[in-house]
Every structure is written in structure tokens, then in C-alpha cells.
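Okay, so here's the structure we're looking at.
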């Protein structure tokens, strides 16, 4: 189960807060929420994510690569998202 909560901030910024497990059908739901957010800048907060499967990690990498800011991830999850490229835009 994954809870996705959108938070709006001034100047068109949005945060998408995830709580739970980023697996299975929730991966596509996250992508849909990000597509529909319509914000100039988006941050995905992973502080309350307990697990992400291979598809979840791939989705987070893709979001990061498209300019979405990834924040609040555990050290383990951040390392998975960084992957072999060592991209440090994950925190």
C-alpha cells in the first residue's frame, strides 16, 4: 500500500509525499500523479517510504532524470536510486 499526498506551495511548487511501499500498481500511480501535477517544480518526499521494488526504483530514477527533486530518502534507498551512475541529486 502507498499513500500519495500532494502539497501545494507558493510560486507553483508542489510536493508529493509518499508513505508506504512503492511497488506494483503504485509505481504507475506515482507517475500519473507527477504527470498531472502541473507544477513548475516538484519534489517527491520519500521520508516515509519503507520499500521500493525494482520498478519503483526505476521510476524514481526516471523522475530524478526528468528534473523532479527527490528528498528524504533513507541512505539505502538513496543508494539504490543513485545506482551505478553515482548521481548525487538524491537526498
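Quick notes on this structure:
- Search result, residues across region 64-79 that are within 13 Å of residue 22 (Cβ to Cβ) and part of a helix (DSSP H, G or I): 77
- Checklist (1) at negative phi; (2) surrounded by fewer than 15 Cβ atoms within 10 Å (Cβ to Cβ); (3) at pLDDT below 95 applied to residue 47, failing item: (3)
- Residue check for residue 82: assigned to a helix (DSSP H, G or I), modelled with pLDDT under 95 and surrounded by 13 or more Cβ atoms within 10 Å (Cβ to Cβ): yes
- In region 1-28, the residues that are surrounded by fewer than 17 Cβ atoms within 10 Å (Cβ to Cβ) form Cβ pairs under 6 Å with partners that are at pLDDT 95 or above and part of a helix (DSSP H, G or I), at six or more places apart or across chains, as follows: 23/56.
The values are calculated or read from the model by the stated rules, or taken from the named source; none is laboratory data. Everything numeric here is computed off the predicted structure, so don't read it as measured data. Backbone-built Cβ (ideal geometry, glycine too); neighbour counts: all protein chains shown.
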